[in-house]
Amino acid sequence: MKIKDSRLFTYPVLAEGRDDYKTCKFAAKVENSTDAANNLVFDVDLSTDCAEINRLIATGDAEYLFHVECPTTIYREIFTHVVGNFSCKIPSSFVKDKLYRVAFIVLRRDVKNFSCDDWNDDFDGLSFDLQRGSILAYKNFEPLPLAEDPNLFKNVGSIFSVYRKLDDDAPFELNLTPQKIKIALNAKDYALYRRYCENPTLQPILNALIILPALVSIFEELKQDAQEHESDAWFSALTAAYKRQKADFKKLLAEEDSLTLAQMVMGLPLSKALGSIAVTFDDTAEDS
């Protein structure tokens, strides 16, 4: 989401690139980081020197709002606060590629006869009846490029292929081909996988259930004979993933146990899965 400066409002709005106000400013800063649970954390600092808008905030008629949106995963969320300094966080698994962020001051209630002494002369002597949700000020931030998680191999789908076996009772099965690691699920399991595999909230859970045990099994096989697969595309992808962590994949195969190796390249998948379970059930509880 991005508010275009050319967007037409029926009343004055405070923002860079607009001349509705003479001198007043909407100051907005955001610092982003990642916490131990692999959440994206945003420390937001919003303020304005417009006395009239500050009075609306003080009386509870207006509030600060921070909007985040990821077009790739279709994830969006709004964080609101009555003070301009606050923190918020979202699971890294919810977003991919770029995150768009916009800060606002919006009305919480309808307001009649709103006016400001700092308005452009074109609005001299005017006042406006504004409805709840009306934007009083906004600030577009540059899209946040999401660096590829160094704990993840590039594009899981490029080295894994999940397919359906005809037998409803067939167990989980692995097949190593030169291009991909193929994971076979029975018909019932595959139907459930297809139903939820594109849900970003459930992706960490599916990774822990399917990808983690698959990697552990593969690493056990590689410990016996890695040379047989060194020319395979998926082996090269795994090697590159560890290299991004400044680690030597072949050396680690000889020194570390398979479970540790799998967790290392997936970035603590169990913690991510448990975090997604918490988010899913918390949301369900709030909706009930």
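Worth pointing out:
- Among the residues of the range 47-79, the ones that are surrounded by 13 or more Cβ atoms within 10 Å (Cβ to Cβ), under 18 Å from residue 14 (Cβ atoms) and not small (Gly, Ala, Ser) come to 14 in all.
- Given (1) part of a loop (DSSP other than H, G, I, E, B); (2) modelled with pLDDT of 95 or more, index of the condition residue 4 fails: (2)
- Taken as a whole, the range 181-204 holds no residue that is more than 25 Å from residue 39 (Cα to Cα), of a type in the set (Ser, Thr, Tyr), out of contact with any strand residue (DSSP E or B) (no Cβ under 9 Å at 6 or more places or on another chain) and without any contact (Cβ under 8 Å) to a residue 60 or more places away in the chain.
- Any chance residue 137 is touching a helix residue (DSSP H, G or I) at 6+ places or on another chain (Cβ under 7 Å), open to solvent by less than 50 Å² (accessible area, probe 1.4 Å) and modelled with pLDDT of 85 or more: yes
- Residue tally, condition within 22 Å of the chain's Cα centre (by Cα) and either within 13 Å of residue 15 (Cα to Cα) or of a type outside the set (Lys, Arg) (or both), over the range 96-145: 14
- First in the range 45-62 and within 23 Å of residue 88 (Cα to Cα), second anywhere and assigned to a strand (DSSP E or B) and polar (S, T, N, Q), Cβ under 9 Å, 6 or more apart: 45/85; 46/85; 47/85; 54/47; 54/48; 57/48
- Residues located in the range 7-57, provided they are part of a strand (DSSP E or B) and touching a Gly at 6+ places or on another chain (Cβ under 9 Å): 27, 28, 39, 44, 45, 46, 47, 48
- Within the range 93-114, restricting attention to residues that are within 12 Å of residue 40 (Cβ to Cβ) and out of contact with any Gly (no Cβ under 9 Å at 6 or more places or on another chain), the residue that is least open to solvent (accessible area, probe 1.4 Å) is 99.
- Elements of type helices (runs of 4 or more DSSP H) contained in the range 215-267, each with 2 or more residues being within 23 Å of residue 177 (Cβ to Cβ) and open to solvent by less than 10 Å² (accessible area, probe 1.4 Å): 233-244, 258-266
- Checking the stated criteria, residue 80 turns out to be in a strand (DSSP E or B), of a type outside the set (Asp, Glu) and under 17 Å from residue 138 (Cα atoms).
- Only one of 202, 212 that is buried (at least 16 other Cβ atoms within 10 Å of the Cβ), under 18 Å from the mean Cα position of the chain (by Cα) and not acidic (Asp, Glu): 202
- Considering residues of the range 24-43 that are in contact with an Asp or Glu (Cβ under 8 Å, 6 or more places away or on another chain) and of a type in the set (A, V, I, L, M) only, the residue farthest from residue 200 (Cα to Cα): 27
- Odd one out for residue 35, checked against (1) open to solvent by less than 20 Å² (accessible area, probe 1.4 Å); (2) within 30 Å of residue 274 (Cα to Cα); (3) not hydroxyl-bearing (Ser, Thr, Tyr): (1)
- Check on residue 13, surrounded by fewer than 18 Cβ atoms within 10 Å (Cβ to Cβ) and out of contact with any helix residue (DSSP H, G or I) (no Cβ under 8 Å at 6 or more places or on another chain): no
- Residue satisfying all of: in the range 83-93; part of a strand (DSSP E or B) and not small (Gly, Ala, Ser); farthest from residue 104 (Cα to Cα) among these: 91
- Condition met for residue 118 (open to solvent by 80 Å² or more (accessible area, probe 1.4 Å) and either out of contact with any helix residue (DSSP H, G or I) (no Cβ under 6 Å at 6 or more places or on another chain) or modelled with pLDDT of 95 or more (or both)): no
- Residues in the range 54-77 that are under 9 Å from the mean Cα position of the chain (by Cα) and under 15 Å from residue 138 (Cα atoms): 68 only.
The values are calculated or read from the model by the stated rules, or taken from the named source; none is laboratory data. Note that this is a predicted model, so its numbers are computed, not measured. Methodologically, a virtual Cβ is constructed for each residue, glycine included, from the backbone with ideal geometry; neighbour enumeration extends over all protein chains shown. These area figures cover heavy atoms from the full protein model, side chains too; ligands, DNA and RNA do not enter into them. Shrake-Rupley method; radii C 1.70, N 1.55, O 1.52, S 1.80 Å.
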